[in-house]
Every structure is written in structure tokens, then in C-alpha cells.
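Report on the structure given below.
The values are calculated or read from the model by the stated rules, or taken from the named source; none is laboratory data. Just so it is clear, the model here is predicted, and its values are computed rather than measured. All Cβ positions, even for glycine, are placed from backbone atoms using ideal geometry, and neighbour counts span all protein chains on display.
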Amino acid sequence: MTLTSGPAQARHLATAIPGPRSLELMARKEHAVARGVGTTMPVFAVRAGGGVVEDVDGNVLIDLGSGIAVTTVGVSAPRVVDAVRGQLDAFTHTCFMVTPYEGYVAVAEQLNRLTPGTHEKRSVLFNSGAEAVENAVKIARAFTGRQAVVAFDHAYHGRTNLTMAMTAKSMPYKQGFGPFAAEVYRAPLSYPFRDRADGPAAARRAIDVIEKQVGRPAAVVIEPIQGEGGFIVPAPGFLPELAAWCRANDVVFIADEVQTGFARTGALFASEHEGIVPDLLVSAKGIADGLPLSAVTGRADIMDAAHTGGLGGTYGGNPLACAAALATIETIEAEGLLERARAIEELMKDRLCRLQEKDDRIGDVRGRGAMLAVELVRPGTTEPDPELARAVAAAAHAQGVIVLTCGTYGNVLRFLPPLAISDELLNDALDVLAEGFRA
């Protein structure tokens, strides 16, 4: 596997975390950067590659975050670096809407090939996941002539005004930032650990809410596996029932695969796990291995509903990001990374489930591929324990393992390792995590 570069692939602590140089930079950050920008760890990176990040003090950290599911094929993967360097030598920007270039078209062609379904498709490129979600809604409204949009409990779709309205969690994403966009409604999600309902029953509950409170919306927008909401995997049958209802009622079914796309879950897109063919699919994060790029891909008749000039943006489909995306796709296919994601799931779930057997504070182990999580609860209950999640994450951070938390209740530890990570690094990280629980 030719996926690693940069620091040696081993955890190494040269100083306490944070070290003195990181503390100096954090003090500068406090005086220069707006308070609203938080950080998970108070360390500053200087190099990264494969499954590790090196900080300014010489500490080498195991990366179980991938920049929040972005560097899926590994930070600065060799093919990506070479492709971006070549594009950099040619030109950095012209704006596709002014003088177009082949890279944008090539990325669109690849997305049309790779996303679920064999129907005729079109794609449009943007910069961020939130921007792409917002444009997917615009396209659905243009196609249907309707305005209402349905999102789900625990959803996260972004930080723009419309996507904040679609996002469920108030703090820190929405509090104090309203009023929000109108015509956004919420339906109950399938949450197997908490509702114990099977997929079809949970779908009927959601559809009943939609029919009674909304009628026929323009679109239903859902993450096939929820991200920030807690890595919630709906019960089998929930997504197919929902998609079937949308088809029967001429409602656009939008899969938000910003976090789940591009091999993260052991399939190229998480919709594939249950045979879902979305009308529109939103991708970002892992699409370009760290360069800002996002996309909406879908049925040609829906995508072409927006008038000429109605979609776009100055930086959308930047040539450097397009080069990175093409190299990322090549890396996934050439290096067998779907299989690697499934191998990571097998290794990590085995370790996490064995940990769960010994610790009744681990209420649930869930996820697919290299998108896994544990939900932490008070012993013997399903009551969320966000304090424990914070404590275990802090213990891991102190020992050089990057771990993220999430969930509506703040009680979920989530694991998003790059697919370039070695089994040795994974096992070392899991040893640290187990010690964090014991402590």
C-alpha cells in the first residue's frame, strides 16, 4: 500500500501534551482568532501522513479523526500530492463559470459514474458540505415547485442559515444565531439503541409525522448514517421505506453523504448498504483528501431544473481541488480501500465489543467501516454520560491519540481513522482508549 508519507508511523510523546511550543501558539490564537472557533486538542500540527499527526513539540499523535472524516485516504496521500503539484504548475484558478477547464468536467463524470444508480446523472461542484446541502435543496425546490424540506432528529447539515435550520442540535451550532430559514420541518429518526423499533416501524412513524405536519415536501434530506448526531445507523429497512414513500409521492430524496461518502463506511457511499438510489446525493469531506470541494450529483431531470446561472460560485470546483479529487478516487480504487475500511471495522469492533463486555458504561458499539462509535451511559442504564465521554477523550488526548466526541447528548466517542492507518497504530490507540476507561 503506497499511502503513507511524512512522520514515522508510530505514536511518540516528546513532551507533555500540550507542549511548550503549542502553548505559545495557543496564547497567540487567543489574541488573534475569534473565540467562536474552538479546537479539540491544544496542539499545533507541523507534519502529517498516513495515520499520524506530528505537532510543533515533536509529539507524534495517532489520528482517529481524519480532520473530521476528510483525509480518508491519508493526509497528503502521494497520488494527491503529485496531482495537486502538477495542477499548481499549470494554474490555480480561472473560475469555471468564466473559462472552464477539464478537471471540473472529469470530476463530474466520475461522480456520475460512482454514485448509486445507472440512470443519467449530472453533477455540480461547490466548496463545503453545507454549501452543497443548501444547493441540493435549491435544486429540489426548483424541480418540484414546492418549498417544504424535511430533516430528522439528531441531524447535522451545516452552519449556513438554511443548514442551521436543518440541523437539530442547538448548542453550539444554532444558539443565538437565528432567525433561521423557514419551511424546514423535522421527523423522528430510527435510533435503534434508544427506540428499539425495527426499521419499517420507525419509517412508518416518520412518514406519519411528515404526512400530518407537512404533506408533500419538496425534499426529504437524511444522512444514511448520522455524523455529528452520534453516528446513528438506522435500523435495517428504515431508509428503503422512506425512499419508497418519496418515490410514490414525487418527493426528492436527498442523501447527505458529506461524512459517509468516499469509502468511509466500507462502501463507496453509505446508501449502497441498503440498496438506496437517492434522487440527489451530496458529497464533500473525503472527496478531495483535504482540499475544499463538495458536490451535488443526481438525476439529470432534477439537476437540470435550475435555470442557467442559478448554480455555481467563484471557487466551486477549484482546479487544485478537482485534481485532488481525481487522485483520491484513483487511490481508493487502486489501493483497495473499500476492503481496507471493512478490515478496520472488523478489527475495531472486535476490540470495542470486548471492551463493552467488561464495562457496562459502554451502552452501544455501532457504525460501519472506518466510521465507528461507542455511546456512553450511566452504569446499567441508557442515561447519557457526557462527562465520561469528555474524560475518556481527554485521557486519550494526553497519551497522544486524537479522538472526537459527538452526539446530541455529547456522550458518544467517534472514530474516523484514515484508511491508510496500520493495524499496529489502531491497536495502540485502542490500548490507550482501554486504559482511559480503566482510569
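Per-residue answers, yes or no, for (1) modelled with pLDDT of 95 or more; (2) closer than 15 Å to residue 240 by Cβ; (3) not in a loop (DSSP other than H, G, I, E, B):
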| position | (1), (2), (3) |
| --- | --- |
| 193 | yes, no, yes |
| 203 | yes, yes, yes |
| 206 | yes, yes, yes |
| 227 | yes, no, no |
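Of all the numbered requirements in (1) exposed (fewer than 13 other Cβ atoms within 10 Å of the Cβ); (2) of a type in the set (Ser, Thr, Tyr); (3) not assigned by TED's automatic domain parsing to the domain that holds residue 369, residue 71 misses one, and that requirement is (1). Out of all the residues in region 148-163, is one or more over 20 Å from residue 129 (Cα atoms) and buried (at least 16 other Cβ atoms within 10 Å of the Cβ)? Yes, that holds for at least one residue. Evaluate region 110-133: report whether one residue or more is closer than 30 Å to residue 402 by Cβ and touching a His at 6+ places or on another chain (Cβ under 6 Å). Yes, region 110-133 contains at least one residue that is closer than 30 Å to residue 402 by Cβ and touching a His at 6+ places or on another chain (Cβ under 6 Å).
So which residues in region 95-142 are β-branched (Val, Ile, Thr) and surrounded by fewer than 18 Cβ atoms within 10 Å (Cβ to Cβ)? Write out each step before concluding.
Looking only at region 95-142, we keep the residues that are β-branched (Val, Ile, Thr), and these are 98-99, 105, 107, 115, 118, 124, 133, 137, 139.
Matches in region 95-142: 98, 99, 105, 118.
Scanning region 191-210 for residues that are over 25 Å from the mean Cα position of the chain (by Cα) and within 17 Å of residue 150 (Cα to Cα) yields 204, 205, 207, 208, 209, 210. Residue 269 - would you say it is buried (at least 23 other Cβ atoms within 10 Å of the Cβ), out of contact with any helix residue (DSSP H, G or I) (no Cβ under 7 Å at 6 or more places or on another chain) and not small (Gly, Ala, Ser)? Considered against the rule, which asks whether it is buried (at least 23 other Cβ atoms within 10 Å of the Cβ), out of contact with any helix residue (DSSP H, G or I) (no Cβ under 7 Å at 6 or more places or on another chain) and not small (Gly, Ala, Ser), residue 269 comes out as yes. Of the residues in region 350-360, not one is in contact with a Phe, Trp or Tyr (Cβ under 6 Å, 6 or more places away or on another chain), touching a residue at least 12 places away in the same chain (Cβ under 8 Å) and in a strand (DSSP E or B). One residue stands out among those in region 1-33 that are among the polar types (S, T, N, Q) and at pLDDT below 95: the one that is nearest to residue 422 (Cα to Cα), which is 9.
Quick one: would you say residue 239 is in contact with a strand residue (DSSP E or B) (Cβ under 9 Å, 6 or more places away or on another chain), assigned to a helix (DSSP H, G or I) and crowded, with 20+ Cβ neighbours inside 10 Å? Before you say what the answer is, go through the steps one by one.
On the way: in contact with a strand residue (DSSP E or B) (Cβ under 9 Å, 6 or more places away or on another chain): yes; assigned to a helix (DSSP H, G or I): yes; crowded, with 20+ Cβ neighbours inside 10 Å: yes.
Here the answer is yes, as residue 239 does meet what is asked.
Restricting attention to region 253-265, does a residue exist that is within 20 Å of residue 122 (Cα to Cα), out of contact with any His (no Cβ under 7 Å at 6 or more places or on another chain) and among the small types (Gly, Ala, Ser)? The answer is yes, given that some residue of region 253-265 is within 20 Å of residue 122 (Cα to Cα), out of contact with any His (no Cβ under 7 Å at 6 or more places or on another chain) and among the small types (Gly, Ala, Ser).
Results for (1) in the same structural domain as residue 404 (by TED's automatic domain parsing); (2) in contact (Cβ under 8 Å) with a residue 60 or more places away in the chain; (3) acidic (Asp, Glu); (4) over 14 Å from residue 136 (Cβ atoms), shown as yes or no for each residue.
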| site | (1), (2), (3), (4) |
| --- | --- |
| 209 | no, no, no, yes |
| 226 | no, yes, no, yes |
| 240 | no, no, no, yes |
| 258 | no, yes, no, no |
| 264 | no, yes, no, yes |
| 287 | no, no, no, yes |
| 302 | no, yes, no, no |
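What are the residues in region 141-191 that are in a helix (DSSP H, G or I) and closer than 19 Å to residue 68 by Cβ, if any? Break it down stepwise before answering.
Residues of region 141-191 that are in a helix (DSSP H, G or I), as a first pass: 141-144, 161-166.
Within region 141-191, 163, 164, 166 qualify.
The requirement of being under 30 Å from residue 15 (Cβ atoms) and surrounded by fewer than 22 Cβ atoms within 10 Å (Cβ to Cβ) is not satisfied by residue 420.
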